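Heads up: the structure comes next, in structure tokens.
The values are calculated or read from the model by the stated rules, or taken from the named source; none is laboratory data. Just so you know, these numbers come straight off a predicted model, no measurement behind them. Positions of Cβ are generated from backbone atoms using ideal geometry, with glycine treated the same way; all protein chains shown enter the neighbour counts.
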């Protein structure tokens, strides 16, 4: 049964304040909910899905009898944050994987400095997972990880990476890795020898890397624009993809 | 004066059919409209903007007295396709720059095979402009260039690149360039010597490069995922950014 109070509660989870207080978040869509049911990395508190999803995934759902509710497409629309709701919605417990500092010091890590757009953050998680970058850090001003648009855009990558909100100075103090950052007047990244272990800083969509963090960069890099280009900058998620691909390129 | 009929007409331009019939499209936002006024690459048929925009850009607008209308924020909202309209909106004549085949044969070109998402297409235009790729081709199934979301996401790059809807076989017949395409079982792009002149094919978001075009690829490439990755694919605009950056990297 989908009570009025339950609908209210699920709608309230679209707000950051409520998500944080309840330590819950929402995952939507057939594919991602199925992944969560299969991988069992997260504690699913409740699942709402259409009759059809229930039939097709009866075995996976058998562990969740008490916590599973069949809903009509209309009901799903009421509780969904998507324009076109997609068969299933799960209420999931937030979890915090501990930072493995020893591992992080031996690899690439990302620091997200004030990324504002949830689509960009989700896409960056997907890129990080693609390139096997396990540990991400974010400034407190970066958009919240559990924002539904971040979760959707990550295409499931949110479940595979480690993510910690932490001041830059603290991260740098622990990692002691060379710090690279993309800035408009940086050195041509094509001419740099890029190390296997580094902390890469990515900046805000409008303002780039905040001044206080720019001072801490060891190497200022840029992806060079072609002389013919009239474009002022690349989108931060595009820049992240390029920088990660160049760092991972065997030399 | 913003008549009822004019409002109706401007709203109708949000539909592809009407844009094509009228050979017009709409550009929105302070920055992009200002660029159009400055660069004069396009014929602006009409401009609608707030009092403030008019004051700040009086000199630029002086050539357009007959074609310029001051609107209130409420009126702008009515004619805008944006959630948050931004000061100015221009009705612009579609133009078709002729293909410079001789130039295109000496450089990188892109072929967009059934790109569906307007945000992706706009972002790809921005990437192409950044890397100085002047000539883009698109399959007839690719989302329309003049879709307002394409124009917005391109951040003005639409005005600097050449774009032609054309069957793949015809493009290939004219260019006679080596054809590269990203496919999931392709050769590791890091291990390829990438030429300065090539036609790069980018595929549909869900289905990749259509089978008929895959048969025409000279080199099948992929951006290798890290062994740790659980992500199935990269977004097509992220892949475009990475592929273009690697092609433009001096060897």
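May I ask you to verify whether residue B:117 is within 14 Å of chain A (Cβ to nearest Cβ), surrounded by fewer than 24 Cβ atoms within 10 Å (Cβ to Cβ) and within 30 Å of residue A:206 (Cα to Cα)?
It is true that residue B:117 is within 14 Å of chain A (Cβ to nearest Cβ), surrounded by fewer than 24 Cβ atoms within 10 Å (Cβ to Cβ) and within 30 Å of residue A:206 (Cα to Cα).
Looking only at residues in region A:127-143 that are within 8 Å of another protein chain (Cβ to nearest Cβ) and out of contact with any strand residue (DSSP E or B) (no Cβ under 6 Å at 6 or more places or on another chain), which one is nearest to residue A:163 (Cα to Cα)?
Among residues in region A:127-143 that are within 8 Å of another protein chain (Cβ to nearest Cβ) and out of contact with any strand residue (DSSP E or B) (no Cβ under 6 Å at 6 or more places or on another chain), the one nearest to residue A:163 (Cα to Cα) is A:129.
Out of (1) more than 14 Å from every other protein chain (Cβ to nearest Cβ); (2) buried (at least 16 other Cβ atoms within 10 Å of the Cβ), what's the single condition that is false for residue B:194?
Status for residue B:194: all satisfied but (1).
Does residue B:68 satisfy being more than 14 Å from every other protein chain (Cβ to nearest Cβ), under 25 Å from residue B:7 (Cα atoms) and crowded, with 16+ Cβ neighbours inside 10 Å?
Values: more than 14 Å from every other protein chain (Cβ to nearest Cβ): yes; under 25 Å from residue B:7 (Cα atoms): yes; crowded, with 16+ Cβ neighbours inside 10 Å: yes.
Criteria met by residue B:68.
From the list A:83, A:52, which one is out of contact with any helix residue (DSSP H, G or I) (no Cβ under 9 Å at 6 or more places or on another chain), more than 26 Å from residue A:241 (Cα to Cα) and within 14 Å of another protein chain (Cβ to nearest Cβ)?
Values: A:52 fails: within 14 Å of another protein chain (Cβ to nearest Cβ).
Of A:83, A:52, the one residue that is out of contact with any helix residue (DSSP H, G or I) (no Cβ under 9 Å at 6 or more places or on another chain), more than 26 Å from residue A:241 (Cα to Cα) and within 14 Å of another protein chain (Cβ to nearest Cβ) is A:83.
Of all residues in region B:228-251, how many are under 14 Å from residue A:246 (Cβ atoms), in contact with a strand residue (DSSP E or B) (Cβ under 9 Å, 6 or more places away or on another chain) and more than 8 Å from chain A (Cβ to nearest Cβ)?
Going through region B:228-251 one residue at a time, the tally reaches 3.
Okay, residues lined up against (1) within 25 Å of residue A:246 (Cβ to Cβ); (2) touching a helix residue (DSSP H, G or I) at 6+ places or on another chain (Cβ under 9 Å); (3) not assigned by TED's automatic domain parsing to the domain that holds residue A:195:
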| site | (1), (2), (3) |
| --- | --- |
| A:57 | no, yes, yes |
| A:66 | no, no, yes |
| A:73 | no, no, yes |
| A:108 | yes, yes, no |
| A:115 | yes, yes, no |
| A:118 | no, yes, no |
| A:127 | yes, yes, no |
| A:130 | yes, yes, no |
| A:136 | yes, yes, no |
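Looking only at region A:39-56, decide whether some residue is surrounded by 15 or more Cβ atoms within 10 Å (Cβ to Cβ), at pLDDT 95 or above and in a loop (DSSP other than H, G, I, E, B).
yes
For residues that are closer than 15 Å to residue A:241 by Cβ and touching a strand residue (DSSP E or B) at 6+ places or on another chain (Cβ under 6 Å), scanning just region B:212-227, find the one that is farthest from the other protein chains (Cβ to nearest Cβ).
So the first thing to find is which residues in region B:212-227 are closer than 15 Å to residue A:241 by Cβ, and the list is B:222-226.
Going one step further and asking which of them are touching a strand residue (DSSP E or B) at 6+ places or on another chain (Cβ under 6 Å), we end up with B:222, B:224.
On the way: B:222: 11, B:224: 8 Å.
My answer is B:222.
Here's a check for you: in region A:144-161, which residue that is in contact with a strand residue (DSSP E or B) (Cβ under 7 Å, 6 or more places away or on another chain) and part of a loop (DSSP other than H, G, I, E, B) is farthest from the other protein chains (Cβ to nearest Cβ)?
Per the criteria, the residue is A:146.
Mind listing whichever residues of region A:221-235 are in contact (Cβ under 8 Å) with a residue 12 or more places away in the chain and either outside the structural domain of residue A:205 (by TED's automatic domain parsing) or under 16 Å from residue B:157 (Cβ atoms) (or both)? Before the answer, list the steps.
Filtering region A:221-235 down to residues in contact (Cβ under 8 Å) with a residue 12 or more places away in the chain leaves A:221-224, A:233, A:235.
Listed by number, the residues that qualify are A:223, A:233, A:235.
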